[in-house]
Ligand SMILES: CC(C)(COP(=O)(O)OP(=O)(O)OC[C@H]1O[C@@H](n2cnc3c(N)ncnc32)[C@H](O)[C@@H]1OP(=O)(O)O)[C@@H](O)C(=O)NCCC(=O)NCCS
């Protein structure tokens, strides 16, 4: 598994298809809105295509968690500069084969190398078992649940961003 820089012109069509796939839109929400967000490069972050066996299979983005969204979700204890990750595996036949967790590990290693962030976080629906499992395999730990107005009950998962996590991952 590799992460390569996302290129709007080359990759927008692929992403549009992925965002419309039912297994993705169930968790990511409105494809039109998400596509517009994806085509604006993340402020202070980055986004990437996920390649498996050299082929594009998914998308991963990280950026500083917007303060107002954290406050609204009751997550005001998340430190300033914490990095929030979103990801999807768009090709249904590639799900559940370790690609998502491998991509998360790569992103985490990259963010740690940059040494700017105090914490890395992911929010996943309490009903999204594959996402929770992939995050934990990548070294994230469940912190607590919270109510996201739009997506319902979510788990907040975090990983240390400075140096190795206590378990060495
Ligand atoms: C969430 C997602 C990124 C995870 O990527 P992935 O490549 O499928 O993840 P992995 O294969 O690394 O890990 C998933 C784990 O969940 C397990 N799993 C799959 N379906 C499951 C289910 N219904 N219940 C419990 N566990 C499940 C898999 O077996 C795997 O664990 P294993 O390797 O120990 O067998 C991917 O499934 C996806 O894109 N889903 C749609 C969009 C989405 O939910 N995005 C994330 C929002 S936070």
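Points worth noting:
- Directionally averaged shadow of region 17-65, computed from the convex hull of its alpha-carbon atoms, nm²: 3.9 nm²
- Neighbour-count ranking [beta-carbon atoms within 10 angstrom, fewest first] of 1, 57, 99, 126: 126, 1, 99, 57
- For region 68-157, the share of alpha carbon pairs falling in successive 10 Å distance bins from zero is 16, 47, 32, 5 percent.
- FRET efficiency, residue 2 to residue 35 (Cβ-Cβ, R0 35 Å, nearest 0.05): 0.90
- Taken as Cα centroids, region 1-54 and region 57-92 sit 14 Å apart, rounded to the nearest whole angstrom.
- With both labels modelled 7 Å from their Cα along Cα-to-Cβ, the residue 76 to residue 51 distance reads 4.5 nm.
- Build a GNM of the chain with springs between Cα atoms under 10 Å apart, and of 72, 91, 80 the one that fluctuates most is 72.
- The mean sequence separation of alpha-carbon pairs under 8 Å and at least six residues apart, normalised by the residue count of region 1-108, gives a relative contact order of 30 percent.
- Computed [θ] at 222 nm, deg cm²/dmol, the chain (DSSP H ≥ 4; -39,500 (n - 2.57); rounded to nearest 500): -10500 deg cm²/dmol
- Two-decimal ratio, region 1-160, of alpha-carbon radius of gyration to 2.2 N^0.38 Å: 0.97
No value in this document is a laboratory result; all are computed from the given coordinates. Everything quoted here is computed from the prediction, not taken from an experiment. Positions of Cβ are backbone-derived with ideal geometry, glycine not excepted, and every protein chain shown enters the neighbour counts.
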